[in-house]
Amino acid sequence: MLAVILSLAAAAAFAASAMFIDSVSGRVGPLQLSRWQMSLAFLMTALIVAVTGGWQTLDLTMALWLTASSASGIMVGSLTYIATIQYTGPRISALLFTTASPFALALGFGFRGETVSLVQAAGVGLIVAGIALAVMGPSQDEGARTPKPLWIGIGLGLVTSFAQALGSLLARPAMLAGADPVAAMAVRSGTGALFFIALLALPAFRPAALPSRTEVRQIGFSALAGMVVGMSFLMAALARGDVGIVTTLSSTTPILILPMVWAIYRRIPGPLAWVGAAMAVVGTALISGAS
């Protein structure tokens, strides 16, 4: 049950992070955004761990698992997700990201022997379907995109989902061994930050201009909510729950962001979004009841 709560708390933190970043995402490029988010997240998590002594919970083997997790979930996953949005737009990208749940279930079963009951499987199915419905509304951004081959975008989206699921699977051994969740995120975000900073060596990945102070502040709040709080909750959930279940529940961000959008922007979600939210709630209840 604690894994369920932590997974949902992670999803809520990811939703808050998305709200913070919404005001700057159109002005700051996605690669630069990822670079600043990872760098600020590492500074914050490293400071917290230095104060709490969380580094002592890590050994070399744990650090290697977490580095591999970052390579898959952050390095590969972030780059392919950015490319997916460029090819398909945000709505279809979000739909493709729902496939992270079945990927995680398959990986958890294949590599760790994790199984789910029929009730939990039904809950996972309802959540995935609910997320899909919640993001099926029209998107003005996609209408303005330059047409690109859709099949490339779909392929990139599936790679993104698989990379994210694999990243969670690779982090699980370290978390089961007792790694501090914040220390684990410090390793993952630090590895990711080094990767995105290293990309600056390539002229094609250099930004035209640095973000303003206001934009850096918004990115910092986003990193605190999503990368520090949210990902630490996710790491803690992986120490207590199966990869597939944790991945499914932590992917309910599109559902949890609906009331935030309503409260802040006064935009009432459409009927499909409410139906999707209801399905996700029922699915969560099934998983919680069977946990």
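The figures follow:
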item: Number of the condition not met by Leu95 [criteria: (1) more than 15 Å from the chain's Cα centre (by Cα); (2) part of a helix (DSSP H, G or I); (3) over 22 Å from Met235 (Cβ atoms); (4) not small (Gly, Ala, Ser)]; result: (1)
item: Every pair of residues 6+ apart whose Cβ atoms lie under 9 Å, when the first sits in the stretch 234-248 and is aromatic (Phe, Trp, Tyr) while the second is open to solvent by 10 Å² or more (accessible area, probe 1.4 Å); result: none
item: Wholly enclosed helices (runs of 4 or more DSSP H) of the stretch 157-257 bearing at least 2 residues modelled with pLDDT of 90 or more, open to solvent by less than 10 Å² (accessible area, probe 1.4 Å) and β-branched (Val, Ile, Thr); result: 243-250
item: Filtered residue count, the stretch 14-34, keeping only those that are farther than 11 Å from Ala223 by Cβ and part of a helix (DSSP H, G or I); result: 9
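The values are calculated or read from the model by the stated rules, or taken from the named source; none is laboratory data. Please read these numbers as outputs of a predicted model, since none were measured by experiment. In this analysis, Cβ positions are derived from the backbone assuming ideal geometry, glycine residues included, and neighbour counts consider all displayed protein chains. Ligands, DNA and RNA are excluded from the accessible area calculation, which covers all protein heavy atoms including side chains. Shrake-Rupley method; radii C 1.70, N 1.55, O 1.52, S 1.80 Å.
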